[in-house]
Amino acid sequence: MRHLEQDLAGTGGMRLFMQAWLPDGGPTRVMVIAHGLAEHSRRYEALASRLVAQGFAVYALDHRGHGRSPGRRANIERFDLVVEDLRALLETARREHPGLGVTLLGHSMGGALALTCALRHPGLLQQLVMSAPALNAGPDVPWLQVVVVKLLSRVLPNVGALTLPAEAISRDPEVVRAYEQDPLVYRGSIPARTLAELVAAMDAFPATVGGLRCPVLIQHGSSDSLAALEHCRPVYARLGSADKTLRVYDGLYHEVYNEPERERVIGDLLEWLAARS
């Protein structure tokens, strides 16, 4: 496996960090990964190695404000900017591997980004995979809290509004420990601007996801407290894809690819991909 690191020209001229994991021989398919909130693309290296072993060329970027990309930490500025950054990565992957099918995979906030990108740029991908996607804030979020976050986004966009508990990502203590000690993971309070932009994107899904046409797979842990399964189901039901699959893993937390049962979860992903090759 070969590993490459380089810059990606993002929206507005921002130079974003991107990387690729490539098979030693010629790839047969392409996977583009969009990571979640406050993390970075290198956390998907183990998944990428499994995909490369199946012939995939795997591409990922660090979203603006995340990892090794510039910007205020964990502040995505505008959701639309990050969607277009992801479009640029898809176009780069397609340009470097013409004629190969492209699958887009997004985790958590990256799931919301991937779904939006698939709706806006359907010609750039053949399949969509989402892991614990942030698709719906859910009715248990107090409306006053949402109003306050939106107000802060306008007047104090960088003020912290939410802290993500590390212990909620996985039941594997080694995964949690590595997450807490990773200098590229943002462990501060998430800026109000990012939260307001994500909420606005999720609010739009019920009216737009009926237009999705590509095959879609969602993998979700039943004990996910960061992007609850019951909040995902209503959006999944509205997806317009004729080929859609929701795989639920009993007792698993937010990062299903980093849970003790990861081999089964990744195996399900590879099986789903192989059936649509």
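Each helix, a run of at least 4 DSSP H residues, gives -39500 (n - 2.57); summed and divided by the residues of the chain, these come to -11500 deg cm²/dmol at 222 nm.
Each Cα pair under 8 Å and six or more residues apart adds its separation to the average, and for the chain the resulting relative contact order is 17 percent. For Ser223, the residues 5 or more places off, or on other chains, whose built amide H falls under 5 Å of its own are Gly251, Leu252. Separation of segment 189-205 from segment 15-47 is 24 Å, based on Cα centroids. The computed mean projected area of the Cα convex hull in nm² for the structure shown corresponds, within (1) 13.2; (2) 14.8; (3) 18.0, to (1). Using a Gaussian network model of the chain in which every pair of alpha carbons under 10 angstrom is joined by a spring, one finds that among Ala207, Ala93, Ala237 the greatest mean-square fluctuation is at Ala207. Taking amide H atoms as placed 1.01 Å from N in the peptide plane, the amide H of Leu246 lies under 5 Å from those of Ile218, each 5 or more residues away in sequence or on another chain.
For the chain, a simple Cβ point-charge model (Lys and Arg +1, Asp and Glu -1, everything else neutral) yields a dipole of about 700 debye relative to the Cα centre.
Just so you know, all these numbers are worked out from the coordinates, no wet-lab data involved. Just so it is clear, the structure is predicted and the values come from calculations on it, not from any experiment. In this analysis, Cβ positions are derived from the backbone assuming ideal geometry, glycine residues included, and neighbour counts consider all displayed protein chains.
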